[in-house]
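Participant: I have a structure I would like to understand better, so I am pasting it below and will then ask my questions one at a time.
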Amino acid sequence: MLCEGEFEPMEKIRVDILIIGMGAAGQFAALNAYDSNPDLNILIVTKDLRGKGGCSRMVQGGFNAVLNPEDSHEKHLIDTLKGGHFLNDQDLAKTLVEQATPTIKEMETKYGCFFDRNPDGTIHQKPFAGQSFDRTVHKGDLTGIEIISRTTEQVYKRDIPILEEYRALDLLKDASGKEVTGALLLDVRRGSFMVVEAALTLVASGGGTTNYRFFAPGPPKTLDGLGMLYRAGVWMRDMEMVQFHPTGLIIPGSVVAGALLEEGLRGVGAYMINRDGERYMARYDPERMERTTRDIMSQSSYLEIREGRGCDHGGINIIASHLGAEFVEKNFPGMCERCATFGHDLAREPVPVSPSAHYMMGGAAFDTECRTSLERLFVAGEDSGGTHGANRLGGNGICDSCVFGRQAGKALAKYFRKDGGIPESDSGQIDHLISRYTRPFDRSSGALPFEPRDRLRELNWTKVGVVRTGTGLQEASEQIESIHSEAERVKLQGSRAYNMAWGDWISLLNMLDSSRMTIHSALLRKETRGAHFREDYPKRDDNYGLFNIFGKKGDDGKPVFEKRPVVLKYMKPSDVGE
Ligand SMILES: Cc1cc2nc3c(=O)[nH]c(=O)nc-3n(C[C@H](O)[C@H](O)[C@H](O)COP(=O)(O)OP(=O)(O)OC[C@H]3O[C@@H](n4cnc5c(N)ncnc54)[C@H](O)[C@@H]3O)c2cc1C
């Protein structure tokens with residue numbers, strides 16, 4: 001273990017392909033790159049333990065794929081574009097739905113995943129909100145464990161090297177700043193730095209959303225990829241689009257607050273009530289009630305709570321007991337167990353829930369081969385933006401990570417050139433980064449990072465959350481700078497090895513960079529669309545113009561933004577009666 005003030009000499013390694021993240025996107029990329037060319041020298045880096053961490057493992061509901069002859073890719077595409085309020089990149093959405101079918105088949109035949117069956121032996125597919133056909137493939141309500149366990153075995157089988165508990169801090173570039181040459185890593189166990197240089201780099205670190213008071217992912221998902229991509233100057237898009245899941249568990253004082261009760265529960269008839277016992281969805285969406293889309297459900301619940309009709313625990317209640325205890329326990333065992341851990345009996349009693357920050361629709365702009373705006377840099381999974389537009393459908397998230405992880409793996413193998421070399425990393429950048437990341441250890445005074453992190457979460461929850469206004473966003477844009485200044489004054493001490501406060505400070509820097517992009521993009525969109533609900537512009541306005549907000553770090557270090565019209569390549573709203 002290192003003592004205060006000591007740093008080990010820095011290790012430097014070179015590989016053909018560096019994959020940052022070991023969720024579905026990272027693993028599918030590694031497997032497909034390897035299977036395309038087993039001679040590739042691939043390295044997977046994960047900040048958690050191998051096979052653990054990330055959201056893919058947490059997937060309860062399932063994976064959308066067209067398998068039934070009565071369903072079609074066109075129907076899945078229409079659902080995805082309608083769900084995304086037509087802000088989606090249509091090429092990405094089309095690739096998602098078309099490639100989901102071979103991907104799910106490969107998962108069973110190549111990787112050994114085994115999903116729930118119908119009595120006739122075909123794969124069972126269940127309903128999810130916003131779908132015109134029941135197409136969600138699942139393994140009970142623990143689908144992610146099946147996917148990640150089986151694909152991790154396949155990574156082992158191919159002997160693909162993994163660095164676990166190594167955290168990517170920043171992307172490295174050559175002196176021109178145009179080509180990515182790998183990443184600077186922190187060896188979390190020893191508290192030392194490592195440089196990995198790679199001919200091609202994939203960022204697949206799983207997006208957000210732990211920068212809000214209630215969040216659905218595990219606490220380690222701290223927006224690292226989004227922060228890194230932004231700081232590297234990659235074009236990002238749709239960063240105002242943050243999805244809130246309607247039913248996150250309220251668990252006072254626990255880091256698990258916001259953990260999800262998946263929407264399959266509402267799909268089979270669970271309903272929501274406010275403090276007066278009223279089924280309030282009758283006022284917001286009388287036709288679809290609780291089977292409405294996530295955005296409308298979350299906004300309705302948030303407004304109920306804000307208008308004083310929330311329950312004493314600060315949220316609203318979900319009721320499943322009328323479905324029959326046996327039915328609920330049989331069909332939702334994972335959720336029943338999770339509720340029981342916190343003293344709630346989902347099968348028999350109301351359970352307290354709140355909207356919970358769930359998914360980033362925004363992220364790095366990319367193409368169907370997962371290429372970004374920087375040379376040699378690829379992105380896949382929740383760090384990418386554009387596929388889901390203004391709102392992601394349930395079941396399209398894990399599908400995205402598997403499909404685009406697969407696309408990325410094939411593309412990495414295709415674009416790798418043995419004779420292409422790796423450009424020289426800018427040594428000045430490496431020195432600068434190490435000095436930046438160690439600076440808090442040199443300070444003689446300063447606070448710990450926890451308070452500014454919690455203030456950021458509150459700021460995002462109240463002003464950049466489920467319901468937004470221009471005034472609130474403007475205030476947020478000012479207040480985030482004071483939190484940023486506080487983060488710059490943090491003092492750290494003790495051993496570098498497994499230094500949790502250091503880790504939290506690094507997380508805070510990433511949360512700040514990503515949150516700033518969200519605030520400014522949200523200010524620029526003066527309409528309500530999907531997950532972006534502006535109370536001062538409460539209606540979706542197609543006459544306002546269909547555009548995406550692209551942003552990146554400008555030359556002066558501040559974000560710059562561009563509005564670009566949506567390319568309605570395959571479908572426009574009027575084609576589907578909107
Ligand atoms: C509770 C929950 C339930 C969900 N249920 C569903 C569902 O039913 N259906 C659906 O479609 N979607 C669902 N989703 C969404 C879905 O899980 C995600 O969209 C998807 O799994 C993201 O995959 P990913 O590979 O991009 O990232 P992840 O699976 O999150 O993996 C990220 C990886 O990156 C690593 N990492 C992070 N930062 C760093 C760093 N700095 N350096 C190195 N490694 C790093 C992590 O350790 C992890 O290995 C759910 C999400 C949650 C939170």
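The values are calculated or read from the model by the stated rules, or taken from the named source; none is laboratory data. Owing to the predicted nature of the structure, the values given are computational and were not obtained by experimental measurement. Note that each Cβ is placed from the backbone with ideal geometry, even for glycine, and that neighbours are counted across all protein chains shown. These accessible areas exclude ligands, DNA and RNA; they are computed on the full protein's heavy atoms, side chains included. Shrake-Rupley method; radii C 1.70, N 1.55, O 1.52, S 1.80 Å.
Participant: Let me cross-check residue 426: its accessible surface, 1.4 Å probe, with only protein heavy atoms counted, in Å² to the nearest 10?
Facilitator: In the full protein context, residue 426 sits at about 60 Å².
Participant: In the range 103-150, which chymotrypsin sites (Phe, Trp or Tyr not before Pro) fall in coil by DSSP and have 12 or fewer other Cβ atoms within 10 Å?
Facilitator: Qualifying residues, ordered by number: 114.
Participant: Starting from the Cα-Cα distance between residue 488 and residue 451, subtract it from 0.36 nm times their residue separation and give me the gain in nm to one decimal.
Facilitator: 12.0 nm
Participant: Can I ask one more? So with the 1.4 Å probe, I'd like the accessible area per residue for the chain, rounded to whole Å².
Facilitator: Here the per-residue accessible area is 37 Å².
Participant: At q = 0.14 Å⁻¹, what is the base-10 log of I(q)/I(0) for the range 501-578 according to the Debye formula with one equal point scatterer per Cα and no solvent? Please give it to two decimals.
Facilitator: For the requested q values the scattering log ratios are -0.63.
Participant: Let me ask another. Expressed as an acute angle from 0 to 90° and rounded to the nearest 10, what is the orientation of the C-alpha long axis of helix 73-83 relative to the principal long axis of the chain?
Facilitator: The angle comes out near 90 degrees.
Participant: Another question, if that's okay. Between residue 12 and residue 524, what length in nm is gained on full extension when 0.36 nm per residue of separation is reduced by their alpha carbon distance?
Facilitator: Extra length from residue 12 to residue 524 when fully extended: 180.1 nm.
Participant: How much space per residue, in cubic angstrom, does the convex hull of the C-alpha atoms of the range 201-313 take up?
Facilitator: 132
Participant: Same structure again: Just in the range 45-141: which trypsin sites (Lys or Arg not before Pro) are loop by DSSP and have at most 16 other Cβ atoms within 10 Å?
Facilitator: Answer in residue order: 50, 52, 110.
Participant: Starting from 0.36 nm per residue, how many nanometres of slack lie between residue 501 and residue 278 once their C-alpha separation is accounted for?
Facilitator: Values: separation 223, 0.36 × 223 = 80.28 nm, distance 4.41 nm.
Once the chain is fully extended between residue 501 and residue 278, it gains 75.9 nm.
Participant: Given H placed 1.01 Å from N in the peptide plane, which residues other than close sequence neighbours of residue 182 have an amide H under 5 Å from its amide H?
Facilitator: Amide H neighbours of residue 182: 172, 198.
Participant: Is the range 302-378 best put as rounded, prolate or oblate by its Cα gyration tensor, with a ≥ b ≥ c the root eigenvalues, rounded for a/c under 1.5, and otherwise prolate when a/b is larger than b/c, oblate when not?
Facilitator: On the way: a/c = 3.82, a/b = 1.89, b/c = 2.02.
Oblate, since a/c reaches 1.5 and b/c is not below a/b.
Participant: Return one number: the angle in degrees, 0 to 90 and rounded to the nearest 10, between the long axis of the Cα atoms of helix 90-109 and the longest principal axis of the Cα atoms of the chain.
Facilitator: Here the helix axis deviates by roughly 90 degrees.
Participant: In deg cm²/dmol, rounded to 500, what helix-only [θ] at 222 nm does the chain give when every DSSP H run of at least 4 residues adds -39500 (n - 2.57) and the total is split over its residues?
Facilitator: Taken over the chain, the calculation gives -10500 deg cm²/dmol.
Participant: As an exercise, identify the trypsin sites (Lys or Arg not before Pro) in the range 512-578 lying in DSSP coil whose Cβ has no more than 13 other Cβ atoms within 10 Å.
Facilitator: Details: sites: 516, 525, 526, 529, 534, 539, 540, 552, 553, 563, 569; in loops: 525, 526, 539, 540, 569.
Loop-located and lightly packed - 526, 539, 569.
Participant: Something else about it: Please give the FRET efficiency for residue 458 paired with residue 189, using the beta carbon to beta carbon distance and R0 = 41 Å, rounded to the nearest 0.05.
Facilitator: 0.80
Participant: Compute for the chain: radius of gyration divided by Kirkwood radius, i.e. Rg/Rh, restricted to C-alpha atoms, rounded to two decimals.
Facilitator: For the chain, the value is 0.95.
Participant: Taking every pair of distinct Cα atoms and averaging 1/r, then inverting, what Kirkwood hydrodynamic radius in Å comes out for the range 57-118?
Facilitator: Working: mean 1/r = 0.0776 Å⁻¹.
12.9 Å is the Kirkwood radius here.
Participant: Counting only protein heavy atoms, what percent of the accessible surface of the chain is carbon or sulfur at a 1.4 Å probe?
Facilitator: Carbon with sulfur: 51 percent of the solvent-accessible area.
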